[in-house]
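Computed from the coordinates by the stated procedures, all read-outs in this text should not be read as laboratory data. For clarity, every value in this text was computed on a predicted model and none was experimentally measured. Note that each Cβ is placed from the backbone with ideal geometry, even for glycine, and that neighbours are counted across all protein chains shown.
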Amino acid sequence: MAKKKEKTESSSGAHAVPRLKKLYEDEIVPKLKQQFQRENRLSLPRLEKIVVSMGVGSAMTDKKHIEEATAALAEITGQKPVRCKARKSIAAFRLREGVDVGCKVTLRRARMYEFLDRLISLALPRVRDFRGLSPDALDGNGNYSLGLNEQLVFPELNPDKYTRVQGMNITICSQSSTDDEMRELLRGFGLPFRREDTAA
């Protein structure tokens, strides 16, 4: 019985703390406390989840495309994607209700921080003609959205296996009350906003 307990403890508790989570605890929280003049850390902005989605319109003509997108998203995020179905039929787009037209993944806790770390340090620097992210891509509730034109900016994917260009949308959701708080949180994580905004 004791051996079984030791095995479960070693397998579940031996995970390393993600780098960005440690950065948030050690550096970002004290800065936000000083900036917003709040002592209660629960009132400070913090990440809640990251939603990564792919819309595959070409899946209407070729079902292999949705399979490729699902496999690519699983490799990028390390989590099994959920298929998204069309809600209604639109004749102009040859869209039928109930057909798979996309996939998405919702990341939380450690996987969320690990994905954000790879996005900032590996994927975004590999984007062609990258000049920084827009600081205004917030929805008014503290959620930031960005889009990538191709999935191959993530080094996990083999370009020989995924030859078709497939974009994705990334939404970073937080528990912040204003867009300004979310912007400061993302700056603390090192999200590369455009220079003109940081200068202003």
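Exactly one of (1) surrounded by 18 or more Cβ atoms within 10 Å (Cβ to Cβ); (2) of a type outside the set (S, T, N, Q); (3) in contact with a Ser or Thr (Cβ under 7 Å, 6 or more places away or on another chain) is unmet by P135. Its number?
It is condition (3) that P135 fails.
Inspect the range 181-200 for any residue being in a helix (DSSP H, G or I), of a type in the set (A, V, I, L, M, F, W, C) and surrounded by fewer than 12 Cβ atoms within 10 Å (Cβ to Cβ) and give the result as yes or no. Lay out the reasoning, then the answer.
Narrowing the range 181-200 to residues in a helix (DSSP H, G or I): 181-189, 195-199.
Then keep just the ones that are of a type in the set (A, V, I, L, M, F, W, C); that gives 182, 185-186, 189, 199.
Still in the list and also surrounded by fewer than 12 Cβ atoms within 10 Å (Cβ to Cβ): 199.
Scanning the range 181-200, I find at least one residue that is in a helix (DSSP H, G or I), of a type in the set (A, V, I, L, M, F, W, C) and surrounded by fewer than 12 Cβ atoms within 10 Å (Cβ to Cβ), so the answer is yes.
Every residue in the range 158-174 that is part of a loop (DSSP other than H, G, I, E, B) and surrounded by fewer than 17 Cβ atoms within 10 Å (Cβ to Cβ), please.
Passing the criteria: N158, P159, D160, K161, T163, R164, V165, G167.
In the range 138-149, what residues are outside any strand (DSSP E or B) and surrounded by 14 or more Cβ atoms within 10 Å (Cβ to Cβ)?
Those that are outside any strand (DSSP E or B) and surrounded by 14 or more Cβ atoms within 10 Å (Cβ to Cβ): G142, N143.
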